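Asker: Please see the structure below; I have some questions.
The values are calculated or read from the model by the stated rules, or taken from the named source; none is laboratory data. If you're wondering where the values come from, they're calculated on a predicted model, not measured in any experiment. Here the Cβ is made from the backbone with ideal geometry for all residues, glycine too, and neighbour counts use every protein chain on show. Protein only, heavy atoms only, side chains kept; ligands, DNA and RNA dropped before computing areas. Shrake-Rupley method; radii C 1.70, N 1.55, O 1.52, S 1.80 Å.
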Amino acid sequence: MALKIWLDGKLVDEADAKISVFDHGLLYGDGVFEGIRVYNSRIFELEAHIRRLYESAKAIRLDVPMSKSELIRAVEKTTEANGVINGYIRLGVTRGVGTLGLNPFICEDGRLFIIADNIQLYPEELYEKGMKVISATTVRNHPLAVPPQLKSLNYLNNILAKIEALDNDVPEAIMYNHEGYVAEATADNVFIVRNSRIFTPPLEAGALEGITRGIVIKLAREENIEVVEKNLTRFDLYICDEFFLTGTAAEVIGIVEIDGRVISDGKPGPYTVLLRKKFFKYAHGKEK
Ligand SMILES: Cc1ncc(COP(=O)(O)O)c(C=O)c1O
């Protein structure tokens with residue numbers, strides 16, 4: 001069924017949801033976006049996603065052409081209009097139509113679009129069995145160049161790493177920063193478990209401040225599990241007891257092999273299984 005897309009203040013048919021080839025979102029990846037889940041007709045962590053979108057927009061001096069409360073309402077309307085009960089929302093703001101030069105300040109108003117649809121990032125069986133990953137040779141963007149905390153429309157850095165993963169027949173790649181420390185996966189945050197403690201790279205290592213990351217840290221601490229933000233090396237990943245990724249689309253997924261090294265007994269471990277279960281309950285408001 002064709003979708004109804006929110007574009008610049010109203011719902012239009014999918015076939016009419018068009019953006020100019022002169023839009024700097026397309027010409028230069030100049031814009032920002034969010035990916036948001038819907039669970040049981042509830043838009044998950046909507047305010048946190050809207051806040052992050054405005055922060056990313058502020059960082060690139062882009063005006064979001066709506067107030068936060070109007071935008072929340074628009075996301076809700078788009079979700080309802082498409083009958084999405086469990087799904088995924090993509091919300092983006094482009095710089096708008098400009099010239100073929102870079103100057104963002106002569107662009108017309110930015111375009112704001114909202115898509116409410118479905119997503120299955122990884123096949124369901126990988127959630128049971130765990131996933132294999134590789135270390136990408138592509139270095140994560142330097143924080144002083146394009147800050148990884150800025151969720152921009154320019155994802156080429158991540159796409160280059162994703163290509164490396166797919167070339168190696170695995171779905172995901174771990175990205176390291178310019179100093180060789182773990183930054184994140186191509187669209188997920190990284191966690192490991194070692195000696196009953198959970199470790200995750202600090203944001204300064206070059207990770208997006210994942211909303212799922214924040215929730216999983218909170219859920220772990222509620223279980224009295226110690227969570228430490230610390231720089232991690234490739235070696236730390238190789239010898240850990242458990243390894244998992246978090247993200248809006250991925251949720252919580254166990255990693256069972258990296259660069260040919262099997263993690264523990266090759267199955268998602270007890271902390272991963274527990275946090276996956278707790279995350280499901282938190283997101284859906286009920287047990288699986
Ligand atoms: C590069 C990157 N890192 C991490 C994440 C996970 O963040 P969140 O949990 O907010 O979806 C995402 C997805 O949004 C991402 O694109």
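Asker: Yes or no: the range 67-86 includes at least one residue that is surrounded by fewer than 19 Cβ atoms within 10 Å (Cβ to Cβ), small (Gly, Ala, Ser) and within 16 Å of the ligand (Cβ to nearest atom).
Answerer: no
Asker: Given (1) surrounded by fewer than 17 Cβ atoms within 10 Å (Cβ to Cβ); (2) at pLDDT 95 or above, identify the lone condition not met by Pro123.
Answerer: Every condition holds for Pro123 apart from (2).
Asker: Another question about this same structure. From Glu47, Glu55, Glu34, which residue is touching a helix residue (DSSP H, G or I) at 6+ places or on another chain (Cβ under 6 Å) and either part of a loop (DSSP other than H, G, I, E, B) or within 16 Å of the ligand (Cβ to nearest atom) (or both)?
Answerer: Exactly one residue qualifies, and that residue is Glu34.
Per-residue answers, yes or no, for (1) closer than 19 Å to Glu209 by Cα; (2) small (Gly, Ala, Ser); (3) surrounded by fewer than 18 Cβ atoms within 10 Å (Cβ to Cβ):
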residue	(1), (2), (3)
Arg111	no, no, no
Ala116	no, yes, no
Lys132	no, no, no
Pro143	yes, no, no
Leu150	yes, no, no
Leu153	yes, no, no
Leu166	no, no, yes
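Asker: Let me ask something else. If you go through the range 225-237 one residue at a time, do you hit one that is under 23 Å from Gln120 (Cα atoms), open to solvent by less than 70 Å² (accessible area, probe 1.4 Å), among the hydroxyl-bearing types (Ser, Thr, Tyr) and in contact (Cβ under 8 Å) with a residue 24 or more places away in the chain?
Answerer: Looking for residues that are under 23 Å from Gln120 (Cα atoms), open to solvent by less than 70 Å² (accessible area, probe 1.4 Å), among the hydroxyl-bearing types (Ser, Thr, Tyr) and in contact (Cβ under 8 Å) with a residue 24 or more places away in the chain, one finds none in the range 225-237, hence no.
Asker: Would you pick out the residues in the range 252-267 that are open to solvent by 30 Å² or more (accessible area, probe 1.4 Å), in contact with a Phe, Trp or Tyr (Cβ under 8 Å, 6 or more places away or on another chain) and touching a residue at least 60 places away in the same chain (Cβ under 8 Å)?
Answerer: Across the range 252-267, the qualifying residue is only Asp259.
Asker: Where residues in the range 228-270 are more than 21 Å from the chain's Cα centre (by Cα) and of a type in the set (Lys, Arg), which of them is nearest to the ligand (Cβ to nearest atom)?
Answerer: The extreme case among them is Arg234.
Asker: Of the numbered conditions (1) surrounded by fewer than 17 Cβ atoms within 10 Å (Cβ to Cβ); (2) on the phi > 0 side of the Ramachandran plot; (3) touching a strand residue (DSSP E or B) at 6+ places or on another chain (Cβ under 8 Å), Glu45 fails exactly one; give the number of that condition.
Answerer: Among (1) surrounded by fewer than 17 Cβ atoms within 10 Å (Cβ to Cβ); (2) on the phi > 0 side of the Ramachandran plot; (3) touching a strand residue (DSSP E or B) at 6+ places or on another chain (Cβ under 8 Å), Glu45 violates only (1).
Asker: What is the residue count in the range 58-81 for residues that are within 22 Å of Lys4 (Cα to Cα) and not in a helix (DSSP H, G or I)?
Answerer: Looking only at that region, the number is 4.
Asker: Which ones in the range 187-219 are more than 15 Å from the ligand (Cβ to nearest atom) and open to solvent by less than 80 Å² (accessible area, probe 1.4 Å)?
Answerer: Across the range 187-219, the qualifying residues are Ile192, Val193, Ser196, Ile198, Phe199.
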